[in-house]
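No lab work stands behind these numbers, since they all come straight from the coordinates. This one's a predicted model, so the numbers in the text were calculated from it and none came from an experiment. Cβ: placed from backbone, ideal geometry, glycine included. Neighbour counts: every protein chain shown.
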């Protein structure tokens, strides 16, 4: 099986109401949907790169939100949001519903209008899904790799794992290093100092776990 990272660019008129809030110059520029359910009427868990007050204001754009709870943590804010509908474009929802693939968190919505997400499945099924979604919205394949099931070191967060994946993708860990922390930051849509901190913490967790297991 393959795991493919996709990036879909939504024009403002087709983007989710919350995503449109991120596309401005406001204090919140990224939302990572960490947990969602199979139906619209379900509580989702999302991480935002902003303070609770700013996140609360952004969530006001979601008409379908029937309840929210905010928790400040991890250089941002977690939001538990109860929704009665997903409010995504019909074409996107249909492509996902028809896909013969599984979608793994997080789904990252960014200020550029891009939504980045991973899908797992057989190559033919993933290619079919890509064709359906790309037929409606500009969609790019960012990365393709073999799907592997293994447990992450307990100390590695989702953001740190994403930083490690970005570092591998840009060549930061090549024997003849071809990528820099700045390249990792560009992949993550964050400052180089933030990318460097994420890498250092992730490397510490991975190496400590490896030495402990050895």
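Please work out the FRET efficiency for the pair residue 41 and residue 72, using the Cβ-Cβ distance as r and a Förster radius of 35 Å; give the result to the nearest 0.05.
0.85
Using the Kirkwood formula on the Cα atoms of the range 101-160, what hydrodynamic radius do you get, in angstrom to one decimal?
Working: mean 1/r = 0.0744 Å⁻¹.
Radius from the Kirkwood sum: 13.4 Å.
If you take the beta carbon distance between residue 90 and residue 182 as r and set R0 to 25 Å, what does 1/(1 + (r/R0)^6) give as a FRET efficiency, to the nearest 0.05?
0.05
To make sure I understand, if each residue's beta carbon is the centre and we count other beta carbons within 10 Å, what order do 23, 1 fall in, fewest to most? If you can, show how the numbers build up before the last one.
Working: 23 18, 1 14.
Placing the least packed residue first, the sequence is 1, 23.
Can you compute the modelled spin-label distance between residue 112 and residue 2, with each label point 7 Å from Cα toward Cβ, in nm?
Result: 2.2 nm between the two label points.
Obtain the nm distance between the two label points defined at residue 136 and residue 200 by a simple spin-label model: each point lies 7 Å from its Cα along the Cα-to-C-beta direction.
Result: 4.4 nm between the two label points.
Please list the radius of gyration and Dmax for the range 1-150, considering alpha-carbon atoms only, with Å as the unit.
Rg then Dmax for the range 1-150, in Å: 15.3, 44.
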